[in-house]
Amino acid sequence: MKEFIEFIAKQLVDNPESVEIDEKTPEDKKIVLSLKVKSEDVGKVIGKQGKTAQAMRTLLTAIAAKEGKRAILEILD
């Protein structure tokens with residue numbers, strides 16, 4: 001899951017080397033992914049009206065559901 005979100009984010013931003021993802025598992029079946037990019041690239045990851053971020057979250061939810069888990073994507077600035 002981490003690699004998948006990292007791949008998508010690197011394709012969207014101008015500075016792909018600045019993409020960082022931190023994965024935490026606070027509970028047994030819950031995964032929290034924190035995506036950090038440069039401040040000038042945050043808008044590209046979020047997209048117009050948050051549609052790009054929502055699409056990434058939808059894909060992440062589908063992947064997590066296949067593994068019987070729940071995933072949350074946080075976008076940090």
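Couple of notes before you dig in:
- Accessible carbon and sulfur surface of the chain relative to its total accessible area, %, 1.4 Å: 49 percent
- Sites Gln49 and Phe4, calculated FRET efficiency, Cβ-Cβ separation with R0 35 Å, nearest 0.05: 0.90
- Heavy-atom surface of the chain, accessible at 1.4 Å and reported per residue (Å²): 65 Å²
- Where both bridge residues fall in the chain, DSSP classifies roughly 45% of the beta bridges as antiparallel.
- For segment 56-68, 3J(HN,Hα) per residue [Karplus equation, 6.51 cos²θ - 1.76 cosθ + 1.60, θ = phi - 60°, Hz, x = Gly/Pro]: 4, 5, 5, 5, 5, 4, 5, 5, 5, 5, 4, 8, x
- The angle between the Cα long axis of helix 2-12 and the longest principal axis of the Cα atoms of the chain comes to about 20 degrees, rounded to the nearest 10.
- The chain: trypsin sites (Lys or Arg not before Pro) falling in loop per DSSP and having at most 11 other Cβ within 10 Å: Lys29
- Surface/4 estimate of mean projected area, convex hull on alpha-carbon atoms of segment 35-77, nm²: 2.9 nm²
- Charging the Cβ of each Asp and Glu at -1 and of each Lys and Arg at +1, and nothing else, the dipole of the chain about its Cα centre rounds to 420 debye.
- Rolling a 1.4 Å probe across all protein chains gives Ile8 an accessible area of roughly 30 Å².
- Loop-located GluC sites (Glu not before Pro) in the chain (DSSP state other than H, G, I, E, B) with a sparse environment of at most 14 neighbouring Cβ atoms within 10 Å: Glu67.
- Using C-alpha pairs under 8 Å with a sequence gap of at least 6, the mean separation divided by the residue count of the chain gives a relative contact order of 33 percent.
The values are calculated or read from the model by the stated rules, or taken from the named source; none is laboratory data. This is a predicted model, so every value here is computed, not measured. Virtual Cβ from ideal backbone geometry, glycine too; neighbours counted across all protein chains shown. Side chains included, ligands, DNA and RNA excluded: accessible areas come from the protein's heavy atoms. Shrake-Rupley method; radii C 1.70, N 1.55, O 1.52, S 1.80 Å.
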